[in-house]
Amino acid sequence: MYQINFNQPVHVHFIGIGGISMSGLAEILHARHFTVTGSDMKESELTDKLAAEGMEIHYPQSADNIVPGIDVVVYTAAIHPDNPEFRAAEDAGIPMLTRAQLLGEIMRNYKEAINISGTHGKTTTTSMITEILLEAHKDPTVTVGGMLQDIGGNIRVGGQEMFVAEACEYTNSFLSFFPTIEVILNVEADHLDFFKDIDDIRHSFKKFTEKLPKDGLLVINKDIQHVEYFLDDLNCKAITFGHGKDADYTANFISFDKFARPTYTLFYKGEALGKVELGVTGEHNIYNSLAAIAVCRELGIDMQAILTALKNFTGTDRRFQKKGTVHGFTIIDDYAHHPQEIAATIEAAKKYPHRKLWVVFQPHTYSRTAALLDDFAGALSQADEIVLADIYAAREKNTIGISSDDLRKHMLQQNTNVSYIPNFKKIEDFLLENVKEGDVLITMGAGDIYKVGDDLLNLPGAEKA
């Protein structure tokens, strides 16, 4: 495989450079004096930003963009072999890397490569670690799966000491990485369009742990079912966190303020280390913070910097993000698209001031909806009122023959107040007619359901947060 060496900058061409992850990797290489070119189907804010920084961007994708002097071509999973640039690069014998392979190669150039993995919680935990390192006056390079205000987006180009990155299991991307520190937050059934079953998923996470060097570190949730599977035969140090007293890091004497933000006493191997106050909502974020604390203490970060950063961190975009109020009700947006995430978000919202709790949910992908139909029904039914939008297809076609109406029928069996309204404008009209002053409305899902809240907040009299 082609290796990226920061001490030997070369010409890298990105097919699909306008993606949020690809553009971030392009920025990292450009900052290290690589010649970076790229192409995309059309111009966007991200490609305009890259062009303003001095990168040459082509529209649309064309074989003519593959010119002599390109040393390596990087492409995303959305690029297929019939793409004209892909074909031209192959014909020219130019080395090619997937986005995940490039990310792994970039990691090799840092003293510490910190990878945060798990079915859910990756973006928040990555952001927490980033905030702590910045508070401690470190200079990490960061790639995160959400928009983090304190770094001005989803990428931060820092020094070569620390690289902090989310590590996604989908298509086994994280097996292309070279971590020195790994976090495993949870291992649940998801991405069943790629994985066979939960055992297949667990096997991939096990292979991920085997990527760690002997002087590496695994930080893992002790509550993961049969966690010993990941710890047995591990050739490096392991630290655990979780609910039980047998975990290394635990949270006790937990309380919540009126906005569902937790406070707890931190314990390490039975010793109290102090009171932790979080600036984000929900019990699930307690355990995200325990993972972040474990990593940062191992990196030698002062406890006061950790406590200050966690108190000041208020979350990333689309993670229980208060967007504003309209007609006296509050609109919150959340990225939750897996049953465990939905349950955690609704549990947090129940502690938030409200009269009734409304959830407008947009299922994400047909395969996930079909595989976890009962789990979705159970998690969503914990809200007072649910509105279902059409399934967001993302990368899929509906070969299964499933719809949000199937989910609605499942939920009706649990005496749930649920409506299925496929059209966003009709959803907005329904909400304006039925959501009352003092209610909380959550737009929920990994697709474009956030647009419903944005439209409502553009009405006269609305107040944006």
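The values are calculated or read from the model by the stated rules, or taken from the named source; none is laboratory data. Remember, predicted model here, so these are calculated numbers, not experimental data. Using ideal geometry, Cβ is built from the backbone for each residue, glycine included, and neighbour counts are taken over all protein chains shown. Keep in mind that these areas ignore ligands, DNA and RNA; they rest on the heavy atoms of the full protein, side chains included. Shrake-Rupley method; radii C 1.70, N 1.55, O 1.52, S 1.80 Å.
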- Item | Within region 396-453, GluC sites (Glu not before Pro) in DSSP loop having at most 11 other beta-carbon neighbours inside 10 Å | Glu437
- Dipole magnitude of the chain about its Cα centre, charges +1 at Lys/Arg Cβ and -1 at Asp/Glu Cβ only, in debye to the nearest 20? 820
- Query: Hey, any idea what % of the chain's accessible area is carbon plus sulfur with a 1.4 Å probe?
  - Reply: 46
- Note on the structure: A correct Kirkwood calculation over the Cα atoms of region 339-380 returns a hydrodynamic radius in Å of 11.2
- Message: Taking just the alpha carbons, could you work out the radius of gyration and Dmax for region 253-376, both in angstroms?
- Response: 16.6, 49
- Can you give the Rg and Dmax of region 117-171 based on its C-alpha atoms, in angstrom? 10.9, 35
- Can you pull the semi-axes for region 63-205, root of five times each eigenvalue of the Cα gyration tensor, sorted largest first, whole Å? 28, 22, 13
- Message: With a 1.4 Å probe and all protein chains left in place, how much accessible area per residue does the chain have, in Å²?
- Response: 43
- Pairwise Cα inverse-distance average, inverted: Kirkwood Rh of region 34-129 (Å): 15.6
- Inter-centroid distance (Cα atoms) of region 106-154 relative to region 22-42, Å: 19
- Message: Could you tell me the extents of region 195-299's C-alpha atoms along the three principal axes, largest first, rounded to whole Å?
- Response: 42, 32, 22
- For region 308-313, Karplus couplings with θ = phi - 60° (6.51, -1.76, 1.60), whole Hz, Gly/Pro x: 5, 5, 5, 6, 7, 6
- Mean Cα-pair separation over length for the chain, i.e. relative contact order, pairs under 8 Å, 6 or more apart, %: 11
- Query: So what's the back-of-envelope 222 nm ellipticity for the chain, counting only DSSP H runs of four-plus at -39500 (n - 2.57) apiece and dividing by all residues, rounded to 500?
  - Reply: -9000 deg cm²/dmol
- Dipole axis of the chain (+1 Lys, Arg; -1 Asp, Glu on Cβ), positive-most option in Thr119, His58, Ala136: Ala136
- Query: For region 99-216, what is the charge dipole size about the Cα centre, in debye to the nearest 20, if Lys and Arg each add +1 at the Cβ and Asp and Glu each add -1 at the Cβ?
  - Reply: 300
- Could you tell me which of Gly324, Phe6, Leu102 has its Cα farthest along the dipole of the chain towards the positive end, charges placed at Cβ (Lys, Arg +1; Asp, Glu -1), taken about the Cα centre? Gly324
- Its Cα gyration tensor gives region 264-306 an equivalent ellipsoid whose semi-axes in whole Å, largest first, are 16, 12, 10
- Descending principal axes extents, the chain, alpha-carbon based, whole Å: 63, 54, 43
- Between Arg108 and Ala77, the two model label points (7 Å from Cα along the beta-carbon direction) sit apart by a distance in nm of 2.3
- Task: Just the number, please: Stokes-Einstein D of region 127-285 in µm²/s, Kirkwood Rh from C-alpha pairs, 10 °C, 1.306 mPa s.
- Result: 91
- Message: Principal axis extents for region 376-426, Cα atoms only, whole Å, descending order, please.
- Response: 31, 25, 14
- Just name one of Ile293, Ala336, Phe259: the one whose Cα is farthest towards the positive end of the charge dipole of region 227-351 (beta-carbon charges, Lys/Arg +1, Asp/Glu -1). Phe259
- Task: Kindly state, as a whole number, the per residue volume in cubic angstrom of the convex hull around the alpha carbon atoms of region 345-465.
- Result: 109
- If you wrap region 393-456's Cα atoms in a convex hull and average its projection over all directions, what's the area in nm²? 5.5
- Relative contact order %, region 201-243, counting alpha carbon pairs below 8 Å whose residues are six or more apart: 46
- Message: Using all alpha carbons of region 332-402, what is the percent of pairwise distances in each 10 Å bin, ordered from the shortest bin to the longest?
- Response: 19, 53, 23, 5, 0
- Query: Suppose every K and R has +1 on its Cβ and every D and E has -1 on its Cβ; what is the size of the dipole of region 324-439 about the Cα centre, in Debye to the nearest 20?
  - Reply: 60
